[in-house]
1. Conditions: (1) open to solvent by less than 40 Å² (accessible area, probe 1.4 Å); (2) in contact with a Lys or Arg (Cβ under 7 Å, 6 or more places away or on another chain). Residue 161 meets all but one. Number of the miss?
2. Taking helices (runs of 4 or more DSSP H) that do not extend beyond segment 26-130, which have at least 3 residues that are in contact with a helix residue (DSSP H, G or I) (Cβ under 8 Å, 6 or more places away or on another chain) and of a type in the set (A, V, I, L, M)?
3. Answer yes or no as to whether residue 6 is surrounded by fewer than 21 Cβ atoms within 10 Å (Cβ to Cβ) and without any contact (Cβ under 8 Å) to a residue 40 or more places away in the chain.
4. With respect to residue 65, determine if the residue is touching a strand residue (DSSP E or B) at 6+ places or on another chain (Cβ under 7 Å), on the phi > 0 side of the Ramachandran plot, open to solvent by less than 10 Å² (accessible area, probe 1.4 Å) and not aliphatic (A, V, I, L, M).
5. Among 12, 17, which is the only one that is open to solvent by less than 50 Å² (accessible area, probe 1.4 Å) and either under 18 Å from the mean Cα position of the chain (by Cα) or not small (Gly, Ala, Ser) (or both)?
6. Here are some conditions: (1) under 19 Å from the mean Cα position of the chain (by Cα); (2) farther than 30 Å from residue 141 by Cβ; (3) in contact (Cβ under 8 Å) with a residue 60 or more places away in the chain. Residue 58 meets all but one. Which one does it not meet?
7. Being charged (D, E, K, R) and touching a residue at least 12 places away in the same chain (Cβ under 8 Å) is the filter here; which residues of segment 159-206 pass it?
8. Among the residues of segment 91-107, is there at least one that is within 20 Å of residue 208 (Cβ to Cβ) and free of Cβ contacts under 8 Å to residues at least 60 places away in the same chain?
Amino acid sequence: MADVDGVTLDKLKKAWLDYKVLVLRDQHITTEEHIAFGRLFGDLEVHPFTDNDEDYPEVVVLEAGGASGKTFVAAGWHSDVTWRAEPSMGSILRGRIVPPVGGDTCFADATAAYRRLSDDWRQRVDDLYAIHDYSRVFEDRVEPSETERIRTQYPPQRHPVIRTHPVTGARGIYTNIGFTSHIDGLSEEESREILRHLEWAIRNPSVQCRVRWNVDTFVMWDNRCVQHAASADFLPEHRLMERVTVVGDRPF
């Protein structure tokens, strides 16, 4: 990862599209090299609500357990930052401190989950839009005096329920339990029914893989067609991960 030539980069980009999730073991590189590797795939975003490295704001620090005093683990199935107008293209996550047991991350193929819906369900959801809102997860991280400014900067976003991948053309489920508040234009009851059904499609183990972390394991996933969930079964042991996230485009 520290010295990727053009041929290798082209192979990585193709593999990322083909397999959606890539696991790179034993990559003993610096934080600067992690950032540089991420930039090979596009511009990197800075997350406004997470704990970021003070010296490297592009690096999101995900920590829980141990002496950190933190217990939050992103255990709900989601795609990253779907509350942005242009959600991330992909993420590259590194294991820094790994608990002896637990703390795995599971990934779900949202295109396979969509294909496995019945014809009636695909017809029902194909043309719907959903509202995504940062405040469902991050509201308590915004100072009350900043709420109006942050809400203006990051208003709720309307994205298709079924997203088309901009490169492969594949369609996949793009609602998630974390950030999706409701289906636009439907009653609360029907909205809940649809979101629940799509969540269970993502939760089907037959469309999932599970990654066991080691120190300096890197996992890259395509946020446009993959959802993920961390396992919270390691607490009170210490787990610390670092992520860079590639800027994406407007879903359609």
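1. Residue 161 satisfies every listed condition except (2).
2. Working: elements: 31-39, 110-115, 119-125.
Fully inside segment 26-130 and qualifying: 110-115.
3. Values: surrounded by fewer than 21 Cβ atoms within 10 Å (Cβ to Cβ): yes; without any contact (Cβ under 8 Å) to a residue 40 or more places away in the chain: yes.
Judged against the criteria, residue 6 is a match.
4. yes
5. On the way: 17 fails: open to solvent by less than 50 Å² (accessible area, probe 1.4 Å).
Among 12, 17, only 12 is open to solvent by less than 50 Å² (accessible area, probe 1.4 Å) and either under 18 Å from the mean Cα position of the chain (by Cα) or not small (Gly, Ala, Ser) (or both).
6. (2)
7. Filtering segment 159-206 for residues charged (D, E, K, R) gives 163, 171, 184, 188-190, 192-193, 196, 199, 203.
The answer is 163, 171, 184, 199, 203.
8. No: segment 91-107 contains no residue that is within 20 Å of residue 208 (Cβ to Cβ) and free of Cβ contacts under 8 Å to residues at least 60 places away in the same chain.
The values are calculated or read from the model by the stated rules, or taken from the named source; none is laboratory data. Because the structure is a prediction, the values reported are computed rather than measured. Because the Cβ atoms are built from the backbone with ideal geometry, glycine has one as well, and the counts that use them run over all protein chains shown. Surface accessibility is based on the protein's heavy atoms, side chains included, excluding ligands, DNA and RNA. Shrake-Rupley method; radii C 1.70, N 1.55, O 1.52, S 1.80 Å.
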